[in-house]
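The values are calculated or read from the model by the stated rules, or taken from the named source; none is laboratory data. This structure is a prediction, so every number in the text was calculated from the model and none was measured. Neighbour counts run over all protein chains shown; Cβ positions are idealised from the backbone, glycine included. For accessibility, only protein heavy atoms count, side chains too; no ligands or nucleic acids. Shrake-Rupley method; radii C 1.70, N 1.55, O 1.52, S 1.80 Å.
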Amino acid sequence: MLLLRCPLPLLLLLLPLDSRPQKLPTRDEELFQMQIRDKAFFHDSSVIPDGAEISSYLFRDTPKRYFFVVEEDNTPLAVTVTPCDAPLEWKLSVQELPEEASGEGSGDPEPLEQQKQHITSEEGTELFSYKGNDVEYFVSSSSPSGLYQLDLLSTEKDTHFKVYATTTPESDQPYPELPYDPRIDVTSLGRTTVTLAWKPSPTASLLRQPVQYCIVINKEHNFKSLCAVEAKLSSDDAFMMAPKPGLDFSPFDFTHFGFPADNNSGKERGFLKSSKFGRQTSPKPRVDLHRVCIGNKNIFTVSDLKPDTQYYFDMFAVNTNTNMSTAYVGTFARTKEEAKQKTVELKEGKVTDMFIKRKGAKFLRFAPVSSHQKVTFSIHSCLDAVQIQVRRDGKLLLSQSVEGVQQFQLRGKAKAKYLIRLKGSKKGASMLKILATTRPNKQLFPSLPEDTRIKAFDKLRTCSSVTVAWLGTQERNKFCIYKREVDDNYNEEQKKREQNQCLGPDTRKKSEKVLCKYFHSQNIQKAVTTETIRGLQPGKSYLLDVYVIGHGGHSVKYQSKLVKTRKFC
């Protein structure tokens with residue numbers, strides 16, 4: 001049997017010092033109406049108001065007792081207890097109130113200590129008891145009058161809980177009603193998405209009361225109440241607004257699982273920082289648990305999940321008038337496995353063309369057939385920069401961004417196998433050429449200067465010619481220059497779309513070719529060449545391209561240059 005204390009403030013509230021019948025506040029009394037408008041009145045009170053939900057806190061192994069009065073026999077009664085983050089033991093009992101409060105009918109007030117002894121010494125008749133973490137109910141269509149006691153205890157840890165009691169359960173109905181089938185169905189399952197569907201609450205569909213649905217997603221377990229979800233969440237900012245109409249929730253725009261990162265994400269708070277008892281709880285770590293309310297629709301797709309991962313999904317119907325909720329039967333699902341990446345085999349000294357989708361990745365493997373001291377990887381990124389990672393027998397040797405033509409020489413190892421991971425750009429699709437070799441002198445891609453721009457000399461422009469210059473290198477290479485007439489409204493955005501450096505002169509029309517020549521300089525400071533392009537039309541715009549062709553026949557295009565001849569000379 002639990003040893004429960006009845007605090008002095010409770011007695012002052014419950015037991016007036018006269019001989020008249022004793023009553024607790026009910027919804028019919030003016031005092032109660034004043035008090036129910038001020039919810040803070042009941043926060044630490046031992047009185048349960050009729051028809052209002054209260055939230056409170058239990059310290060571990062410290063029982064708490066609540067009271068309420070039923071004034072007439074055969075009164076309907078409903079009591080709901082909602083554990084939050086720990087199982088509860090609770091018991092509901094009733095005892096008769098004395099018809100006369102005086103000791104011998106003298107009319108003198110009964111001493112306070114005698115009243116306290118009279119109420120607390122009688123445990124009354126037990127009506128219901130429960131132990132667990134489910135939301136549990138006591139419902140009676142005909143309850144006797146008397147003083148009702150609700151005793152609660154948490155033996156596991158300090159915890160939150162909620163209590164709701166009413167003598168008019170038929171008319172109140174603060175909790176949304178569940179449909180005849182309260183399960184959540186998984187209607188579609190992908191690698192990163194799960195589509196859920198559920199039947200609407202009759203409170204919304206039949207009674208036309210305002211109900212919205214809140215989904216909770218996590219990777220640990222299902223929850224039995226929104227109160228338990230709130231207790232698990234480590235910060236207030238984990239609650240999210242409903243998505244815009246027509247858009248389903250994508251919780252993993254977020255860095256984590258997911259939901260969006262917040263500037264205050266590091267400011268975790270505990271449930272109770274301090275109390276008059278001197279106890280403290282430490283801040284809780286952030287958990288992968290997220291809640292979002294989606295309005296009144298009953299089908300929803302959660303996206304941006306991780307492949308091959310089990311998630312738990314809970315659905316709560318929330319009455320927006322009372323802010324009280326009812327839990328559907330939760331479900332769980334494992335997302336599909338990521339499609340296995342096909343690994344491309346690189347052959348010694350052979351160029352391999354690769355296409356990578358936006359934000360995509362490709363895997364390549366290079367296994368030299370002979371022992372080697374060094375291995376060289378040459379990469380020509382045709383469009384935007386790509387990210388390359390090279391591992392030798394699982395050990396990371398290289399991780400770098402590549403733009404244009406770059407060459408990496410790594411230390412070799414007998415019978416070593418190399419795994420190359422190429423990751424595409426966030427801007428768009430990527431194209432590249434890659435070559436792997438153990439022969440140190442084999443280089444198929446031509447070397448490039450750091451600056452691959454073409455410079456046009458404005459003062460040397462005429463009505464029929466333009467003069468341009470570009471940088472070379474110390475290696476003797478072949479350079480070919482091409483021209484193409486374009487419209488006057490041709491802009492930089494159009495030019496950018498044509499910057500595929502891997503497209504060689506073989507893709508150009510013969511009529512666009514201006515000339516080809518060999519050029520190099522041992523003095524890198526003087527490795528500059530100029531060329532005058534003649535036979536142009538006055539006042540016309542032209543796109544100029546320079547290709548450098550290496551010894552193996554592979555070419556690289558310089559940055560295109562837009563020029564315009566003078567209209568009048």
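Things worth noting here:
- Residue in the stretch 167-183 that is without any contact (Cβ under 8 Å) to a residue 12 or more places away in the chain and either under 30 Å from Tyr57 (Cβ atoms) or not in a strand (DSSP E or B) (or both) present: yes
- Of all residues in the stretch 504-539, those being assigned to a loop (DSSP other than H, G, I, E, B), open to solvent by less than 30 Å² (accessible area, probe 1.4 Å) and more than 26 Å from Asp488 (Cβ to Cβ) number 3.
- From Leu460, Leu432, Leu398, Leu419, residue being open to solvent by less than 30 Å² (accessible area, probe 1.4 Å), modelled with pLDDT of 90 or more and hydrophobic (A, V, I, L, M, F, W, C): Leu398
- For first residues located in the stretch 302-313 and of a type in the set (Val, Ile, Thr), partners that are exposed (fewer than 15 other Cβ atoms within 10 Å of the Cβ) and lie 6+ apart or on another chain with Cβ distances below 7 Å form the pairs Thr309/Arg334.
- Restricting the stretch 284-307 to residues that are part of a strand (DSSP E or B) and among the hydrophobic types (A, V, I, L, M, F, W, C), the residue that is surrounded by the most Cβ atoms within 10 Å (Cβ to Cβ): Val302
- Here Gln406 passes the criteria (1) surrounded by fewer than 19 Cβ atoms within 10 Å (Cβ to Cβ); (2) at pLDDT 90 or above; (3) assigned to a strand (DSSP E or B) except the one numbered (2).
- Listed by first and then second residue, the pairs linking a residue in the stretch 406-430 that is closer than 26 Å to Lys357 by Cα to a residue that is among the aromatic types (Phe, Trp, Tyr) and crowded, with 16+ Cβ neighbours inside 10 Å, with Cβ atoms under 6 Å apart and 6 or more places separating them unless they lie on different chains, are Phe408/Phe377; Tyr418/Phe366.
- Under the condition of being touching a Leu at 6+ places or on another chain (Cβ under 7 Å) and either within 20 Å of Val139 (Cα to Cα) or open to solvent by 30 Å² or more (accessible area, probe 1.4 Å) (or both), the residues counted in the stretch 188-215 number 2.
- Qualifying residue in the stretch 70-83 (condition: open to solvent by 10 Å² or more (accessible area, probe 1.4 Å), within 22 Å of Asp134 (Cα to Cα), modelled with pLDDT under 90 and in a loop (DSSP other than H, G, I, E, B)): no
- Inter-residue pairs, beta-carbon under 6 Å, first more than 19 Å from Lys483 (Cα to Cα) and in the stretch 505-524, second assigned to a loop (DSSP other than H, G, I, E, B) and open to solvent by less than 70 Å² (accessible area, probe 1.4 Å), 6+ apart: Phe519/Gly472; His520/Gly472; Ser521/Ala527
- Look at (1) in contact (Cβ under 8 Å) with a residue 60 or more places away in the chain; (2) of a type outside the set (Lys, Arg); (3) outside any strand (DSSP E or B) and you find that Leu435 fails only one, number (3).
- Only one of Gln387, Gln310 that is surrounded by fewer than 12 Cβ atoms within 10 Å (Cβ to Cβ) and either assigned by the TED database to the domain that holds Leu189 or under 30 Å from Asp288 (Cβ atoms) (or both): Gln310
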